[in-house]
Number of protein chains: 2
Amino acid sequence: MHSVAVERVVTGTEVQLMSGLEAEELTRKQGMNSRVILVGAVIVALVGGVILGRFSSGLGGGGSLADIASERGMTVEQAEGALKAFTPPGEYDEYVLVSSGGHSGQLHLVGVPSMRLLKTIPVFTPESWAGYGQGADWSQAILDEGSSNKQARELAWGDTHHPALSETEGAYDGRFVYINDRANGRIGMVDLRDFKVKQILDIPNMQTSHGGVFVTPNTEYVHVSSMTPMPQTENGYADLEDYADLYRGMSTFLASDPDTGRLDTDASFQIELPPYTQDLADAGKLESFGFAFINSYNSEMAVGGNAEGGVPIETGASQADFDYLHIIDWQKAEAVANAGGTEERNGMRVIPLETAISEGILYFAPEPRSPHGVDVDPTGNYIVIGGKLDQNATIYDIALIKEAIANEDFEGTDRYGVPILTFESVVAGQVLLGAGPLHTQFDGEGHAYTSLFLDSAIAEFTLGPKAGVPDGEAFQLVDKVSVHYNIGHLAATEGDTVAADGRYLVALNKWSVDRFPVLGTLKPQNFQLIDLTADKMAVLADMPIGFGEPHYSQIIRLDRLTSAIETYEPGTDPLTFGPPAFATAAGEERVERDGSEVHVYMTATRSHFTPDILRVREGDTVFLHVTNIEITPDATHGFAVPGYNLQASLDPGEVVTLAFEADRSGSFAFYCTEFCSALHLEMQGWLLVEP
Amino acid sequence: MHSVAVERVVTGTEVQLMSGLEAEELTRKQGMNSRVILVGAVIVALVGGVILGRFSSGLGGGGSLADIASERGMTVEQAEGALKAFTPPGEYDEYVLVSSGGHSGQLHLVGVPSMRLLKTIPVFTPESWAGYGQGADWSQAILDEGSSNKQARELAWGDTHHPALSETEGAYDGRFVYINDRANGRIGMVDLRDFKVKQILDIPNMQTSHGGVFVTPNTEYVHVSSMTPMPQTENGYADLEDYADLYRGMSTFLASDPDTGRLDTDASFQIELPPYTQDLADAGKLESFGFAFINSYNSEMAVGGNAEGGVPIETGASQADFDYLHIIDWQKAEAVANAGGTEERNGMRVIPLETAISEGILYFAPEPRSPHGVDVDPTGNYIVIGGKLDQNATIYDIALIKEAIANEDFEGTDRYGVPILTFESVVAGQVLLGAGPLHTQFDGEGHAYTSLFLDSAIAEFTLGPKAGVPDGEAFQLVDKVSVHYNIGHLAATEGDTVAADGRYLVALNKWSVDRFPVLGTLKPQNFQLIDLTADKMAVLADMPIGFGEPHYSQIIRLDRLTSAIETYEPGTDPLTFGPPAFATAAGEERVERDGSEVHVYMTATRSHFTPDILRVREGDTVFLHVTNIEITPDATHGFAVPGYNLQASLDPGEVVTLAFEADRSGSFAFYCTEFCSALHLEMQGWLLVEP
């Protein structure tokens, strides 16, 4: 009897599962009677439910959902979180979070809302599973290009910080993503056709870069500014006594090729900056198009010396009540550079500090208490600053900035002569948020969301009339949510762009404390998913990050990734997207020997390499040109040689070359490292190095 | 009015959310009336629900759950999957899946059922975010130890395949995990106190190892067998004409130190095997304790030669209808080894093939059609074999095997004289499953689950009476579920042990085809979570694997990981768990110069290094001994030097040493690579290399 009742509840629930339209349609069609029958069924069902204590599982519908939640000890809120965050098997997430991999040197792609790690993209660090920097020539070429004469030695890692997705008219266009190496002042470019890195550029005249990365609204330029200044001397050395005189920061505008996304040093320029520590930055858009904004701290120019009677930098750099927001007119800078107002330094056109001042390219505005984040809202009207040691968000208005510049409304200049706009003249408002405001994101409906590191919270506040907020409600704190713990950056869905849509917010938390089980002494970070469509912000899900410290992320709508290709044309070099000379078609496999140099033109297909026996002599230099002749998208093959430290990964159509000295005799069973078929284990051959 | 009704439904649902006991208690206390009131409320609610078409969100309970599912376009089954797979924020998964990282060379830890990647553990491949092999001495020492004279050069990667968690009395004890390098015939040991690798052993006399990894029931030995045989010659070379005579496989029993988990070559031994390709393996337990089982294929001894008029190995190795299940009496082998019945090869005691035969250590049993998986059931009675080109699971009975050995019930011997037990005498049954059976897991209730690569499915079948299955129901197919796609291994919760509990099953699928959005030419793998407690197997969730090919996994109950430590004692070297000579306490920081050798004893704490200015001369050899003096578990610090390719990661209490030649003059801003405090950016100093 009960079970019958229970069967019936499915009917009731199926109605609940209908869309509003369908349900209204149903009620109109069937009239009250059907609803009474339905309700009758539900009465019995719920009574049964109460008496049984639970519905039997697997019958579906709201009843069994609540039942499953109850069995798993979930609260109603947790169950709702599950349904809001879960992406069912085989379905796609609506968004992709493009996250830096921090000191992994890589990029990560995460599905939103499911918070599943979809892919890792190797950029600055060799990655054996991808055959990246493991002997596959195109990737080694990129890593070598990225270890220029500026560097002491070949660099085998980077500290990725700020991904910048390419934009058209201020919105993501899904074509490229740029990512900086905070440790070594480099930048990488990933092509979103095959999601592989195509360039690593070692930027001249700067050593490190932190948050100074953004693209201008049409990706005219990719901006990278230095973090710590470096001596502008021949050998890059200067004693710290000469810090104020010889050390300088740089704001770098790298010209991006619209077709390939490659950065062209010749068409790029730098603007010399005082030796403060330049930090986060953002590009103006719409109302503020043509301007760039860079935070700075340590205008005290503290250099530490805590073992030499000095104070640590953290103390020395936190003395002043104000540091300087750098306001750069990059269109004016471009004109000056093209008019020859630059000097050449290490292959880069540099606009000297004096020129930047005299030409009206660089202005400062005071910003309170060790500023960290600077973010431009979707309308381009407001620039929001968070001061690490402040309690407020400070909001600047681009119209006020332009007006103050026009009126030469200056409080004075810094010691290098940079004009400082009057604080009160350029600030539209301040909002008291809490301890440790850092970064701000936007929802496109006049709301801003600022991370509070010390509070471990996110504060939501309203912007002003120019963002569509009624005058009376402007610049007010409206909501706050706790996160766990120590939030750094946060990323809203398309929240860096003119298309910010206010769907989701992800908190990038640095500590996880007790959120995850103890699995060793290195604790994970914690990404937390927040629903922005609910009345109040609430954490839906935690994503442990147990593979390094992601620093910053951007979230792009999946349907914008239209350049992505399913697979390569047969015989493709990923670096050029063209066929290399050593591409090999089926039937053209061959071995060519020139003295002690052996070139093997191989193919890979399920489930063999051709040739599958390679005979060389000890001392030979061997080049293995391997082409994956598969056309099925998932049919990736690998190629590895035991003991020879050789590993390549070949997507369908891809060509790689492995080069090595056959410096050790023996019989080596090379094999495919990707489980490709039922006879994958048999996809093996013999490299015979005769003594 | 509607909204009131909607409010009320929460009451109804909250009852549903109660446990059976609570609900019965309630009904007893309140009697029918309360239920009528409750039901009345629900009527209004559901009518309201139908009329509104949907409940307004955020009100909780079954209604709003179904409503959220409906809004997100989920089916009832998908919504149930969400609730079954989701682990709410801040709560812990019940299980940890310990997964190989394939050609990433690492290990991954994944929470079950949430399928969240909890941690990556570097083993064979340098990992910059962990400071692993990046200049931190303890990890470099491990990587160097793992690149022995057997190898041509320092190995910078591995192909991890088969994790083996340590066991006591056949159940996981949560102390160590061993992981093999399929590419280079090595094995690593990870200590589950701090979840860091402590040893990489380069196993003599074998070149590669695939699936031959297991621990004996009390971790007396860690077994690794060779995959491809290698020439047992001085220089490891032999022409393929001498394959049958000079190439040999090895079954290696590595003695494990019960306190440290370290593998001791002196106490270990190998058993020489014919030059077939040894594949998966498993340890006997309970009824079969003392035995080891290894699959083999390519008893044809095909070597390929597809460009020399021969056939590819995939064809040559697939001719025979039967290959040989290797049955090894390891206790007998241990006795023979300890009695001196071995010859020493490259520092390892080897039992020659002839001795293994004459002493009754090694027997064969025929196994059909390119066998791949061999798995011993939780009772130890049954050994299940999957043949890649077969349609059946073949189940052997250890009692029948022992009997056949005792009766010398042989069909004959192979060409090397190994006795072959009569197939019919040792097989308890066969079950027709489908195309491409590979690996089998168990639920502890008499059911076995076998992956079907070609069918992309998992088949469930019953074992025999000795596993508690009634005679009439023995060895029957009972259920089948489709997976997506090309499943290799599968892992059931504790399914490799005597404690298999039949809660969850994870399918390790090699291709994902259309399951995830197109994010480049390299496609993810796909882990799929299956609920074993439901009447029929069903996929609950997909987990994309976009970071290499995990090969095999084991799933351990979280509450067994009792050795895990929260953090280190102050001044700990992870390799020894003791304080190294160069550990530095606060106040003891110093610089010691001896000619051109400079030793810096540094400390790291929020938010500075001491000393924070390092002055050396170009050409100096510099040793930076850095101690993280934090005691807060999450307070990990990093240490990086721009341009010098130096990156270390220091957990609280950890000590590392970075050594480098100051071969380039300049001013380098070293810094902390872990976002550790609000003034993390200020945690920076200057390395001055004077020209």
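The values are calculated or read from the model by the stated rules, or taken from the named source; none is laboratory data. Since the structure is predicted, the reported quantities are computational estimates derived from the model, not experimental observations. Methodologically, a virtual Cβ is constructed for each residue, glycine included, from the backbone with ideal geometry; neighbour enumeration extends over all protein chains shown. When the accessible area is computed, the model is the full protein with side chains, heavy atoms only, and any ligands, DNA or RNA have been set aside. Shrake-Rupley method; radii C 1.70, N 1.55, O 1.52, S 1.80 Å.
What to note about this one:
- Label-point distances for B:GLU597 to the equivalent site in the other copies, using a point 7 angstrom along Cα→C-beta, read 4.3 nm when ranked shortest first.
- Entries of B:LYS198/B:LYS523; B:LYS84/B:LYS480; A:LYS119/B:LYS119; B:LYS119/B:LYS388 with Cα pairs more than 27 Å apart: B:LYS198/B:LYS523; B:LYS119/B:LYS388
- Note on segment B:392-445: the alpha carbon radius of gyration divided by the globular reference 2.2 N^0.38 Å gives 1.38.
- Neighbour net charge for A:VAL376 - beta-carbon separation under 9 angstrom, K R +1, D E -1: -3
- Helix-only [θ]222 nm of chain B, DSSP H runs n ≥ 4, -39500 (n - 2.57) each, per residue, nearest 500: -5000 deg cm²/dmol
- Segment A:629-691-segment A:236-312 distance, computed between alpha-carbon centres (Å): 45
- Estimated from the Cβ-Cβ distance and a Förster radius of 35 angstrom, the FRET efficiency linking A:VAL513 and B:THR260 is about 0.70.
- For segment B:533-691, fraction of C-alpha pairs farther apart than 29 Å, in %: 34
- Chains B and A, summed buried accessible surface - 1.4 Å probe, Å², nearest 100: 17000
- Inter-copy spacing of A:ASP259 label points, which lie 7 Å from Cα along Cα→Cβ, given in nm from shortest upward: 6.9
- Around the Cα centre of chain A, unit charges on the Cβ atoms of Lys, Arg, Asp and Glu (plus for the first two, minus for the last two) sum to a dipole of about 2060 debye.
- Under 13 Å, Cβ to Cβ, from A:VAL622 - net charge with Lys/Arg +1 and Asp/Glu -1: -4
- Debye-sum result for segment A:362-497 in log10 I(q)/I(0), which assumes one identical scatterer on each alpha carbon, at q = 0.16, 0.17 Å⁻¹: -0.78, -0.87
- What separates the A:PHE410 label point from its copies, with the point 7 Å along Cα to Cβ, is 10.1 nm, written shortest first.
- Only Lys, Arg (+1) and Asp, Glu (-1) charged, at Cβ; the protein assembly as shown dipole about Cα centre in debye: 2720
- D (Stokes-Einstein, µm²/s), Kirkwood Cα radius, segment A:57-142, 0.692 mPa s at 37 °C: 206
- Solvent-accessible surface of chain A, taken per residue with a 1.4 Å probe and all protein chains present: 29 Å².
- Modelled this way, with points 7 Å down the Cα-to-C-beta line, the labels at A:THR621 and B:THR562 are 6.1 nm from one another.
- Taking every DSSP bridge with both residues inside segment A:421-558, close to 95 percent are antiparallel.
- Solvent-accessible area, 1.4 Å probe, carbon plus sulfur percent, for chain B: 50
- The Stokes-Einstein estimate for segment A:305-399, based on a Kirkwood radius over Cα pairs and taken at 10 °C with 1.306 mPa s viscosity, is a diffusion coefficient of 100 µm²/s.
- Modelled FRET efficiency - R0 51 Å, B:GLU408 with B:THR168, Cβ distances, 0.05 increments: 0.90
- Rough spin-label spacing in nm, given labels placed 7 Å along Cα→Cβ, for A:GLU154 and B:GLU359: 4.6
- Across segment A:94-199, Cα-Cα pairs farther apart than 19 Å form 42% of the total.
- Segment B:236-338: equivalent-ellipsoid semi-axes (sqrt of 5 x gyration tensor eigenvalues, Cα, Å): 32, 17, 11
- A:PHE609 long-range amide H proximity, modeled H, under 5 Å: A:GLN684
- Close amide-amide hydrogen proximity is noted between A:MET250 and A:SER226, A:LEU273, each under 5 Å apart and 5 or more residues distant or on a separate chain (H modeled in the peptide plane; Pro and chain starts excluded).
- Subtracting the Cα-Cα distance of A:ASP242 and A:ARG606 from 0.36 nm times their residue separation leaves 124.7 nm of extension gain.
- The eigenvalues of the Cα gyration tensor, multiplied by 5 and square-rooted, give segment A:434-548 an equivalent ellipsoid with semi-axes of 28, 13, 11 Å from largest to smallest.
- With the whole protein complex present, B:HIS161 retains an accessible surface near 10 Å², based on a 1.4 Å probe.
- Translational diffusion of segment A:651-691, µm² s⁻¹ [Kirkwood Rh, Cα pairs; Stokes-Einstein; 20 °C; 1.002 mPa s]: 174
- Taking other residues whose beta carbon is less than 10 angstrom from the beta carbon of A:LEU353, and scoring Lys, Arg as +1 and Asp, Glu as -1, yields -1.
- Taking N as its residue count, the alpha carbon Rg of chain B over 2.2 N^0.38 Å: 1.11
- Segment A:223-298: GluC sites (Glu not before Pro) in DSSP loop, at most 15 other beta carbons within 10 Å: A:GLU234
- C-alpha center-to-center spacing [segment B:459-507, segment B:62-113] in angstrom: 22
- Kirkwood estimate for segment B:214-289, i.e. one over the average of 1/r between Cα atoms, Å: 13.8
- Magnitude of the charge dipole for segment B:379-489, about its Cα centre and with charges confined to Cβ atoms of Lys, Arg (+1) and Asp, Glu (-1), is about 320 debye.
- Farthest towards the positive end of the charge dipole of the protein assembly as shown, among the residues A:VAL177, A:GLY434, A:PHE269, is the Cα of A:GLY434, using unit charges on the Cβ of Lys, Arg, Asp and Glu.
- Expected-Rg normalisation [2.2 N^0.38 Å, Cα atoms] applied to the protein assembly as shown: 0.95
- Cut-off 17 Å, label 7 Å out along Cα→Cβ of A:ALA267, residues of segment A:341-365 by amide N: A:348-349
- Per-residue packing, averaged as other Cβ atoms within 10 Å, sorts the ranges B:612-620, B:122-130 into the order B:122-130, B:612-620, beginning with the highest.
- A straight chain from A:VAL478 to A:GLU424 at 0.36 nm per residue would run longer than the Cα-Cα distance by 17.0 nm.
- Between B:GLU690 and A:ARG415, the C-beta separation translates, for a Förster distance of 25 Å, into a calculated FRET efficiency of about 0.40.
- Binning the C-alpha pair distances of segment A:292-351 at 10 Å intervals from 0 yields a P(r) profile of 20, 27, 25, 22, 5 %, listed from the shortest bin outward.
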